[in-house]
1. What shape does the stretch 299-404 have by the C-alpha gyration tensor, where a ≥ b ≥ c are the square roots of the eigenvalues, rounded means a/c under 1.5, and otherwise prolate means a/b greater than b/c and oblate the rest?
2. Please check: in the Gaussian network model of the chain (C-alpha springs, under 10 Å), which one of V75, V88, V110 has the largest mean-square fluctuation.
3. Near the amide H of L47, under 5 Å away, which other amide H atoms are found, from residues 5 or more places off or on another chain, if H is placed in the peptide plane?
4. Classify the stretch 80-173 from the C-alpha gyration tensor, please: rounded if a/c falls under 1.5, else prolate or oblate depending on whether a/b exceeds b/c.
5. So, by mean Cβ neighbours within 10 angstrom, what's the order for 256-266, 52-62 with the highest one leading?
6. Name the residue from T297, N97, G335 whose Cα lies farthest towards the positive end of the charge dipole of the chain, charges +1 on Cβ of Lys and Arg and -1 on Cβ of Asp and Glu.
7. Considering only P239, V110, F167, whose Cα is most displaced toward the positive end of the charge dipole of the chain, charges sitting on Cβ of Lys, Arg (+1) and Asp, Glu (-1)?
8. Can you sort Y143, Y374 so the residue with the fewest Cβ neighbours within 10 Å comes first?
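All of the numbers you see were taken from the coordinates with simple rules; none came from a lab. Predicted, not measured: the structure shown is a model, and the values here were computed from it. Every residue, glycine as well, gets a Cβ built from its backbone with ideal geometry; the counts of neighbours run over all protein chains shown.
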Amino acid sequence: MQRVLLLLPTTTYRTQAFLDAARTLGVEVVCASERPNVFAEQAPDNLLTLDFDHPESVAEAVRRFGQAHPIDAVVGVDDLTTVVAAAVAQRLGLPANSVTAAAATRDKHVMRQRLSEAGVPEPGFRPISLDDDLAVAAGDIGYPCVLKPLRLSASRGVIRADTPAEFGAACRRIAEILKQAGDPSRTLLAEEFIPGREVALEGLLVGGALHTLALFDKPDPLDGPFFEETIYVTPSRLPAAEQARISTDTARAATALGLEEGPIHAELRINARGPFVIEVAARSIGGLCSRTLRFGTGMTLEELILRHALGRKIESYDRERRPAGVMMIPIPRAGRLQAVAGIERAEAVAGVEEVAITAHRGQELVLLPEGWQYLGFIFARADTPEEVERALREAHARLHVDIT
């Protein structure tokens, strides 16, 4: 029986989906997390505790573990584990992205430099040191701009600034967010704000070739000052020629970063000047959003990823024809969650498949840009993308969130 190592941060939403996929494939699973599992002593051959902050140490620990329990594939399921997965795969001699390529996707400044050198269309950018005179830096920046931490994900700490005063305030706010996150970085990235529609491309790299699995429209405007994502709908309603350009530029970006194997999730903006690559991550779509995707005769995204990692044949990369979408339910205000009412009414909306509330009662809810989690997810399928979007909005309108 083949054995796969899943690198699962304790904060991930993805654990169950990957375990279900492994069960479908008849694969033995070793789960590794950065915190001890309460059942680790009862299942030492299947549960590992690894320090994801030190990829090379993890790689050596897994190599020793693999002497008694051979590993056939390693999959990092979230941003936090992409570099670790590359280091482990390299140590075990498994096909995967290089550590250098994976690390380039985790540092927004390095990513921008690589894309710029390759001529990939992207926003103009400039690093900003928090130790410099911010008033001077603010005078040298074009507006509007977007300020970003180099390594945080899920739009955490991403703030638009339209004036020098807003620039300074945003820098100070991001510095506090980095402190809270335990990130010692003193450098931010200032990027040109790109107006236009935003899309997300889900893809799989096989030997350096990009297979576009899905292109999602984001119908809600993402103009700031913060960038909370809400609705994803696929297939995209953009003209075929624009979709082709998006896939082409995403493939160019992956090549520029040195990515060759495994899932990628790319964010792009498109306007009259064409597409601009905002970000490329060496992992699949986050949260529970992968539930919108089915391939071939019902294969999940996680099963497709595991098949590729294990070297198994993939019959089809084609997504099912029926339009689908997800709403990442936004947090309406900060506070402590007491209850979410109206779930049955929301699930009664035509086209809605499920309303999954992932926040728990009593949880402290934090808004962007300090926060990064969602209240939950709404999933829908219908005959047209327009119907999917309407179903998601109507279901959301039927929910009542009690926060104190």
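1. Judged from the Cα gyration tensor, the stretch 299-404 comes out oblate (a/c at least 1.5, b/c at or above a/b).
2. V110
3. Those lying under 5 Å, H to H, from L47 are C31.
4. On the way: a/c = 3.09, a/b = 2.22, b/c = 1.39.
Prolate, since a/c reaches 1.5 and a/b exceeds b/c.
5. Values: 256-266: 23.1, 52-62: 17.6.
Put in order of decreasing packing, that is 256-266, 52-62.
6. It is T297.
7. The residue sitting most towards the positive pole is P239.
8. Details: Y143 14, Y374 23.
Least crowded to most crowded, the residues run Y143, Y374.
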